[in-house]
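Let me begin by presenting the structure, written as structure tokens, before commenting on it.
Just so it is clear, none of the values below were taken in a lab; they were calculated from the coordinates. A quick note: this is a predicted structure, and the numbers were derived from the prediction, not measured. Quick reminder, even Gly has a Cβ in these numbers, built from the backbone with ideal geometry, and neighbours come from all protein chains shown.
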Amino acid sequence: MEKLRNEIDSKFKWNIKSLYNSIEDFEKDVDKVKELNNKLLEFKNKIVLNSNNLLNFYETYLEYNLVEENLYVYSKMLCDQDTKDNNNQAIKMKIEKLMDDLNAKLSFISPEILSVDFEVIEKYIEQEPKLELYRFDLEKTFRYKKHTLSKIEEEIISKANNAMGTGDDAFYNLDNSDIKLDSIIDESGKKVELNNSNFIKYMNSKDRNVRKSAFLSMYKYWEGLKNTVAATYKGQIKEDFFNSEIRKYNSPLEDSLFSDNIDKKVYTNLIETVHKNLDKMYDYVDLRKKVLNVDELHMYDVYVDLCSDVPKNIPFEDGKRIVFDALKPLGERYLSDLEKAFNENWIDIYPNIGKKSGAYSWGTYTSYPYVLLNYNDTVDSVSTMAHELGHSMHTYYTNKKQPYIYSGYPIFLAEIASTTNEILLNDYLIKNAKTNKEKQLYINDFLDKIKGTLYRQTMFAEFEMIIHDKYNDGIALTDEEISNTYYELNKLYFGPNMISDEEIRHEWKRIPHFYSPFYVYKYATGISAAVSIASDILNNVEGAKEKYLELLSSGSSDHPLELLKKAGVDMTTPEPIEKALDMFNEKLEILKTLF
């Protein structure tokens, strides 16, 4: 039975006081952020007048950002630890409103900096050596100059953007508020209401009839909305082209890759390399068919576990020991620094009444890199702990080495540290499994992760690219056109021994990421990079561990592809993806011998 927040021993809760010792200290920073905002407003029309102004602006802006960040993170964490506390809710809403109001006043900053040529900035850097620290940040800002329009045009676009997002909003309501699925009969013969929350649970059922019923119910709903969803998605694609064309990008894909300075060949190379390795996926499908002992493997057989669950009670201290043992390949320095997470109370460990569900790693430049867990003594909880600590150690090393301006790391790199930890943990669990059943379970966990993250997200990425190309070529994006495209890709990725049921042609309709164009490929590149790094570390490749720790310390001090290259991973080549898929194949071959 879950406890109230105040019933949990403080040693199991995060030390939020490292951010603010009292609410009085918090309120002082509320006043301070307002003062700093007023100081920034004094720079309007003056930021790039001279080198001194530019330096003073940067120093004030960074101080403002840090205080703002501290306030927001504290108020959100305060709320997350007990969402039923109305006072915490009020503090969070107050800060959100304050941030919206303050930041709305600062829209002049970027256009004003870009109002001069970069040659002027370089002259200022020569005059004031302290500005050298901000050179790379300024270079990144000026990359956008050719994609930034006049002040009047920017105001028009801003107003136009307020009128956009209708497709995304409509999809959200269809997927959350309006969704009504047919009830199904569960394993015990009881009629249950199917919804988004329990869909995967029933798709994972050992009872094939339950899986099939859940599958048919879900896609009956989306098929009934086929023309509506086709229109909402087409609206999203029109927005993508409007935004890319008005800002003078060659395509929506180029637009989406620009912020991280990602070469298009990273995207196309991912798809091409996965295509060349689809035979490995087909082998996995064949094994799944054999183990499930079915004449035909259907799409509703994709999620059910191949292995019987191995019940295992793992108290937190045992889970901590497993994580430390699994991460030994990262070296003594990493383990010593990791110990701080436990000694300094970075982690909020157990669930309590009102606590936010799930898990995350979060913090600010001046705080601990906190971890929210809801640890429940399972292997999944151990894996989640390793994953979130990977994020926290990435943040810890970056904050320790980088100045504040380069302390964040881009989304393209964000999942690498966490997934590397997961890969190392999985390798440890496989090597230390006591029985074949345990080994089967852990190997299959890895295979499912590659299947779901590398293969599946690449299929999504290819689907997005094809649909955008079709729109650009003037092909009418009817439901039939979009659904047929998805259906053919599904058949390609799963292979000839998978029955691609007609219902699966509607699966694209329920994928929210398609309303964030060309985003999903990052999941596939991230896991490829992580497996490549973990593989090199496990195989004692010379310098691999040191290069990886350097990557964790790099923040956003360079473009993400360049930082990865320094760590020995070149995402413009097939090698990292092939290494990930080779590991998939190696573990698949081991699993075949265990059944």
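Overview of results
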read-out: Sparse-neighbour loop sites [GluC sites (Glu not before Pro); the range 520-595; at most 11 other C-beta within 10 Å; DSSP]; value: Glu542
read-out: Using θ = phi - 60° and Karplus 6.51 cos²θ - 1.76 cosθ + 1.60, couplings along the range 19-24 (whole Hz; Gly, Pro as x); value: 8, 9, 6, 8, 5, 5
read-out: J(HN,Hα) series, the range 40-47, from Karplus relation 6.51 cos²θ - 1.76 cosθ + 1.60, nearest Hz, glycine and proline x; value: 5, 5, 5, 7, 4, 6, 10, 4
read-out: Cα point-scatterer Debye curve for the range 177-224, base-10 log of I(q)/I(0) at q = 0.25 Å⁻¹; value: -0.87
read-out: Net dipole in debye of the range 70-139 [+1 Lys, Arg Cβ; -1 Asp, Glu Cβ; about Cα centre; nearest 20]; value: 540
read-out: Estimated dipole of the chain in Debye, rounded to 20 [Cβ of Lys and Arg +1, of Asp and Glu -1, Cα centre]; value: 780
read-out: Farthest toward positive dipole pole in the range 346-427 [+1 Lys/Arg, -1 Asp/Glu at C-beta], among Asn421, Ser357, Ser407; value: Ser407
read-out: Where Rh is the Kirkwood radius over Cα pairs, Rg/Rh for the range 205-338; value: 1.11
read-out: D_trans [Stokes-Einstein, Kirkwood Rh over alpha-carbon pairs] for the chain, 10 °C, 1.306 mPa s, µm² s⁻¹; value: 60
read-out: Kirkwood hydrodynamic radius of the range 5-163, Cα pairs, Å; value: 18.3
read-out: Convex hull volume per residue for the range 28-107, taking Cα atoms only, in Å³; value: 75
read-out: For the range 497-512, 3J(HN,Hα) per residue [Karplus equation, 6.51 cos²θ - 1.76 cosθ + 1.60, θ = phi - 60°, Hz, x = Gly/Pro]; value: 8, 10, 7, 7, 4, 4, 4, 5, 5, 9, 4, 4, 5, 9, 9, x
read-out: Unit charges on C-beta of K, R, D, E only; dipole of the range 330-455, Debye; value: 120
read-out: The range 316-355: GluC sites (Glu not before Pro) in DSSP loop, at most 12 other beta carbons within 10 Å; value: Glu344
read-out: Two-decimal Rg to Rh for the range 360-433 - Kirkwood Rh, Cα set; value: 1.03
read-out: Cβ crowding within 10 Å averaged over residues, with 521-530, 253-262 ranked highest first; value: 521-530, 253-262
read-out: Value of [θ]222 nm, deg cm²/dmol, for the chain, DSSP H segments ≥ 4, -39500 (n - 2.57) each, nearest 500; value: -19500 deg cm²/dmol
read-out: Alpha carbon centroid spacing (whole Å) that separates the range 179-207 from the range 346-384; value: 29
read-out: Per DSSP, loop GluC sites (Glu not before Pro) in the range 13-67 with at most 16 further Cβ within 10 Å; value: Glu42
read-out: Extreme residue, positive dipole direction of the chain, given options Pro129, Phe584, Ser150 (C-beta unit charges); value: Phe584
